[in-house]
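Student: Quick one: the structure is below, and I'll ask about it shortly.
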Amino acid sequence: MASFILKRLLTVIPSLIGLLALAFVMIRVLPADPAVALAGDQATPQMIAQIREAYGFDRPLLEQFWLYLGRVAHFDFGVSIYSQREVALDMVDRLPATLELTFASLLVSVAVGIPLGVIAATHHNRWPDFVIRIGTVAGIGIASFWFAIMLQLLFTMELDWLPLSGRLSNELTPPPFVTGLYLIDALIAFDFEAWTDALRHLAMPTMTLAVAGITTIARFTRAGMLEVLQKDFITYERAAGYPARRVVWIYALRASIGNAVTQIGLLFGALIAGSIIVETIFVWPGIGTYVAQAIFAADYKPMLAVTLLVGLVYALVNIGVDILLAFLDPRVRAQG
């Protein structure tokens, strides 16, 4: 297992370099000039030229990337044009908010998606299956920005149940920093008022992000369960008199969970990458809002840093999923 993990980690490095190179080229060939954005609206052509020379924007693209890659190797992601702070510090400050939103969305997706998939499979071609299939198809087609606005109109404007935006009410003080996740830090500090308020702020962004996750996990769980329920060992367990719930929710689900677990791993990275729109709509102070501001300011360094972060998350989560599958499925352990 240790050699397997080491091999996978070694393959991550060239993958991240390739991802960074692709993002670097795509960002730098855009018509927006970072030197113009850095100089401001009142800058003269001479000032823009000086900034372009000072920041190396006048050098060949390959040389620029090589210099940037050398800085990244020393965890130096540069200074943001928008915030005038080091990008690494900005990301450290904002990452906990995105992780809290991502973990909450993933938890809701798993808690709802897997049971829906099992119910659809055990009621194959009956009304629960049809309802769930229609719902998952509709969920895939829902635009996150539209759904977020609809939730705001319903739960804030009409019902006044949930706050419109932000991570915590202005009159409350954030809990003392331990993990950066307000729900956990508030519990550690026994600040239940802040915990309740943070949960209310988290509700609508979580629901928005979780829709795509629920539909994906439900569909893959259903497909895996339908295949496993036709296996001989399921027929034997039923004939032997095992309780139906035990056969379905333990034996069949464990045998079919591999595809769903793989999708959960991919979904984690997708939720971080897809949080840009959701965080912007709900003014959530995370990585998504940060990179959206960088895009508007033609600030390429935060964009590259977030791209690298998402790629790293995808790689590490996929390695974690492979390890988890090895523990869940003996066949995977035998092959690895």
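Student: Given the condition of a type outside the set (A, V, I, L, M), in contact with a Leu (Cβ under 6 Å, 6 or more places away or on another chain) and open to solvent by less than 40 Å² (accessible area, probe 1.4 Å), answer yes or no: does some residue in segment 156-164 qualify?
Tutor: Checking segment 156-164: at least one residue is of a type outside the set (A, V, I, L, M), in contact with a Leu (Cβ under 6 Å, 6 or more places away or on another chain) and open to solvent by less than 40 Å² (accessible area, probe 1.4 Å).
Student: Which helices (runs of 4 or more DSSP H) sit wholly inside segment 138-252 and have at least 1 residues that are closer than 17 Å to residue 104 by Cβ and acidic (Asp, Glu)?
Tutor: 182-188, 192-228
Student: If we keep just the residues of segment 59-107 that are surrounded by 12 or more Cβ atoms within 10 Å (Cβ to Cβ) and small (Gly, Ala, Ser), which is nearest to residue 283 (Cα to Cα)?
Tutor: If we take residues in segment 59-107 being surrounded by 12 or more Cβ atoms within 10 Å (Cβ to Cβ) and small (Gly, Ala, Ser), then 97 is nearest to residue 283 (Cα to Cα).
Student: State which residue pairs qualify: first residue outside any helix (DSSP H, G or I) and inside segment 308-334, second residue at pLDDT 80 or above and of a type outside the set (Val, Ile, Thr) in any location, beta carbons under 9 Å apart, and separation of 6 or more residues or different chains.
Tutor: So the pair list comes out as 329/254; 329/255.
Student: Could you tell me which residue of segment 108-128 is surrounded by the fewest Cβ atoms within 10 Å (Cβ to Cβ), considering only residues that are in a helix (DSSP H, G or I), more than 20 Å from the chain's Cα centre (by Cα) and touching a residue at least 60 places away in the same chain (Cβ under 8 Å)?
Tutor: 122
Student: Restricting attention to segment 222-230, does a residue exist that is under 24 Å from residue 152 (Cβ atoms) and surrounded by fewer than 22 Cβ atoms within 10 Å (Cβ to Cβ)?
Tutor: No.
Student: Of these, 97, 120, 104, which one is farther than 24 Å from residue 289 by Cα, in contact with a helix residue (DSSP H, G or I) (Cβ under 9 Å, 6 or more places away or on another chain) and of a type in the set (Gly, Ala, Ser)?
Tutor: 120
Student: Something else about it: Given the criterion within 18 Å of residue 102 (Cβ to Cβ) and modelled with pLDDT under 90, identify the matching residue among 244, 203, 212, 239.
Tutor: Unique residue meeting the criteria: 212.
Student: Hey, another quick one. Out of segment 131-151, which residues are open to solvent by 60 Å² or more (accessible area, probe 1.4 Å) and over 19 Å from residue 282 (Cβ atoms)?
Tutor: Hits for segment 131-151 are 131, 133, 134, 137, 140, 141.
Student: Got a number for residues in segment 273-292 being assigned to a helix (DSSP H, G or I) and at pLDDT 80 or above?
Tutor: So the answer is 13.
Student: Among the residues in segment 293-312, are any closer than 19 Å to residue 6 by Cβ, at pLDDT 80 or above, open to solvent by 50 Å² or more (accessible area, probe 1.4 Å) and of a type outside the set (Val, Ile, Thr)?
Tutor: Within segment 293-312, one or more residues are closer than 19 Å to residue 6 by Cβ, at pLDDT 80 or above, open to solvent by 50 Å² or more (accessible area, probe 1.4 Å) and of a type outside the set (Val, Ile, Thr).
Student: Just need a number here: residues in segment 12-47 that are over 17 Å from residue 305 (Cα atoms), in a helix (DSSP H, G or I) and either modelled with pLDDT under 75 or touching an Asp or Glu at 6+ places or on another chain (Cβ under 7 Å) (or both).
Tutor: Number satisfying all stated conditions: 5.
Student: For the subset of segment 58-82 comprising residues that are at pLDDT below 80 and in contact with a Leu (Cβ under 9 Å, 6 or more places away or on another chain), which member is farthest from residue 303 (Cα to Cα)?
Tutor: 59
Student: Of these, 239, 212, which one is small (Gly, Ala, Ser), open to solvent by 10 Å² or more (accessible area, probe 1.4 Å) and in contact (Cβ under 8 Å) with a residue 12 or more places away in the chain?
Tutor: One residue alone meets the criteria, 212.
Student: So, in segment 165-195, exactly how many residues are surrounded by 13 or more Cβ atoms within 10 Å (Cβ to Cβ) and of a type in the set (S, T, N, Q)?
Tutor: So the count comes out to 3.
Student: Which members of segment 257-300 meet the condition of being in contact (Cβ under 8 Å) with a residue 40 or more places away in the chain and among the polar types (S, T, N, Q)?
Tutor: 262, 263, 275, 289, 293
The values are calculated or read from the model by the stated rules, or taken from the named source; none is laboratory data. Since we're looking at a predicted model, the values are computed, not measured. Cβ atoms come from the backbone with ideal geometry, glycine included; neighbour counts cover every protein chain shown. Calculation scope for accessible area: heavy atoms of the full protein, side chains included, ligands and nucleic acids excluded. Shrake-Rupley method; radii C 1.70, N 1.55, O 1.52, S 1.80 Å.
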